[in-house]
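The values are calculated or read from the model by the stated rules, or taken from the named source; none is laboratory data. From a predicted model like this one, the values you see are computed outputs, not experimental measurements. Quick reminder, even Gly has a Cβ in these numbers, built from the backbone with ideal geometry, and neighbours come from all protein chains shown.
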């Protein structure tokens, strides 16, 4: 079975893995207005801290008690961000509390995504913005390879799901930055033989020669988030809002 990293602890993972996650917080920052931000499934809190450092007031929620305890001790300064143990489908805050809600790599872990989206809709102000990401699947499935996921969506199906709850749904793709040389190599290696038959260190050297940073050592600047559906993307990101925004 493949190894699936579901909870990121910055001090314990390669910089490239962390960069993939931080990129989404960096991206959402440009869409955010001043006000209260809810970071749903915040994990150990590094993303919530990133948004606080960017000037926002943030509450991070996670269902895992140990993660929230770690977040409080590692990333909260004078109560900002505030971290709370809560279930994503029933978080306990008042209606129309938040100006921005973000939730990255969460919805695929929830058995009934409609309950989650109903709760997001309840908590978001009428002119609020919801930013959500999920892994890309070529075809929507209720039986994904990742044992921690209940479902995964194709980009169009994920956009249609969000459109049930929001008037405006804008889709983006997160993709590892490529060069012309690396794109050509991938097209030549249509069966992905290099990963099956070449040592990992040689695959990395080939990537470096082609001008692409190895996955483990990628920085945020080596990752792009591009409007629309992009070939080779790893995650879908959606910005959702309503007519009265």
> Can we say residue 52 is closer than 30 Å to residue 176 by Cα and either modelled with pLDDT of 95 or more or touching a strand residue (DSSP E or B) at 6+ places or on another chain (Cβ under 6 Å) (or both)?
Replying inline: yes
> Can you name the helices (runs of 4 or more DSSP H) wholly within segment 134-224 that have at least 1 residues being in contact with a helix residue (DSSP H, G or I) (Cβ under 8 Å, 6 or more places away or on another chain), under 19 Å from residue 105 (Cα atoms) and modelled with pLDDT of 95 or more?
Replying inline: 155-163
> Do you know which residues across segment 92-110 are in contact with a strand residue (DSSP E or B) (Cβ under 7 Å, 6 or more places away or on another chain), surrounded by fewer than 20 Cβ atoms within 10 Å (Cβ to Cβ) and more than 16 Å from residue 148 (Cβ to Cβ)?
Replying inline: 96, 97, 99
> Just one of 164, 121 is under 23 Å from residue 42 (Cα atoms), surrounded by fewer than 21 Cβ atoms within 10 Å (Cβ to Cβ) and over 18 Å from the mean Cα position of the chain (by Cα); which is it?
Replying inline: 121
>> Here is a check on your reading of the model: is residue 25 touching a helix residue (DSSP H, G or I) at 6+ places or on another chain (Cβ under 7 Å), under 24 Å from residue 171 (Cβ atoms) and at pLDDT 85 or above?
In response: yes
> residue 130 versus (1) assigned to a strand (DSSP E or B); (2) modelled with pLDDT of 95 or more; (3) surrounded by fewer than 16 Cβ atoms within 10 Å (Cβ to Cβ): which is the lone unmet condition?
Replying inline: (3)
> How about segment 70-85: which of its residues are more than 13 Å from residue 36 (Cα to Cα) and in contact with a helix residue (DSSP H, G or I) (Cβ under 9 Å, 6 or more places away or on another chain)?
Replying inline: 71, 74, 75, 76, 77, 83, 84, 85
> Which residues, taken from segment 1-13, are modelled with pLDDT of 80 or more and surrounded by fewer than 14 Cβ atoms within 10 Å (Cβ to Cβ)?
Replying inline: 11, 12
